[in-house]
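Single-structure report; data block below.
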Amino acid sequence: MFGTKTLCRCLKPLANIYGILLSWILLLLNFYVFFQLLNTADLKTKPVTLDELPYFSAEQGYQTLTNLGANGRNAYRLANYSDFILPILMFLSLSLPNIALGKDSRSILGPLACLISDYMENIAIKYVLDIYPQRNDFVMIFASYCGVIKFITFIISGLIVSVNIFRWIIQPNKRSVQKIE
C-alpha cells in the first residue's frame, strides 16, 4: 500500500534547498500563467473566478460565471488547464520544507489533503464551465466545498511550514558549537 511514509521516502531526494526553491518558483510561475491566461479575455477589470472565492452558493457560483461574460469564461477555461498543475506544486511547496527539516510523514497530510481537494475542485469547475449555461447545482456546491477544504488545508499547512521554519531558524545550530576543553 502506498502511504504517507512511502510518499515521504519518494520525496526525500527533492527535499533540499534546490528542490524547495524550484517548487516555490514554479508555484509562483504557475500563478502568473493562470492570471495571464485570464487576461487574454481583454476584460476591463481583473475577473473574479471560482478558484478565488473561499465559499459560494450555487447561485453565487453561476452569477460569477455569468459576470465573466463569454470571453471571460473562455479565458477561464484556458486558465483552468494551468490550474491542474497547481495542486502538485502547492503540495511540493508545502511538503518539501517539512521533509527537509526531518518532520515525520504526518507533516504531509495537510498538503496532501490540499492537493486532493484542489483537484476535485478543479474537475468540478471544469465540468460547470463546460456545460455552462446549463446548470448542475450539485457539482457547483461540490466545487465550493472542495474549495473550502483547499483553503483551510492550505492555510493550516502554510502555518505549519512557517512554524517549522521559524523553529529551525531560532534553534541553536549544534553542529557549529564546539566545546573547548
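The alpha-carbon of residue 150 sits under 15 angstrom from the alpha-carbons of these aspartates and glutamates, leaving out residues fewer than 8 places away in its chain: 51, 52, 83, 118, 121.
So what J values fall out for the range 88-100 if you push phi through Karplus, 6.51 cos²θ - 1.76 cosθ + 1.60 with θ = phi - 60°, rounded to Hz, Gly and Pro as x? These are the phi-based 3J(HN,Hα) values: 5, 5, 5, 4, 5, 5, 8, 8, 4, x, 5, 5, 4 Hz. Relative to the longest principal axis of the Cα atoms of the chain, helix 58-82 runs at roughly 60 degrees. One Cα centroid belongs to the range 22-41, the other to the range 128-156; the line between them spans 21 Å.
For the range 1-160, the alpha-carbon radius of gyration amounts to 1.11 times the rule-of-thumb value 2.2 N^0.38 Å expected for a compact globular protein.
Along the chain, the exposed loop sites are chymotrypsin sites (Phe, Trp or Tyr not before Pro) outside DSSP states H, G, I, E and B with at most 14 other Cβ atoms within 10 Å, and the longest stretch free of them is 85-181. Length available on full extension from residue 35 to residue 165: 0.36 nm per residue minus the Cα-Cα distance, which gives 43.9 nm.
The numbers here are math on the coordinates, done by the rules we state, and not lab data. Note that the structure is predicted; figures quoted are calculated from it, not measured. In this analysis, Cβ positions are derived from the backbone assuming ideal geometry, glycine residues included, and neighbour counts consider all displayed protein chains.
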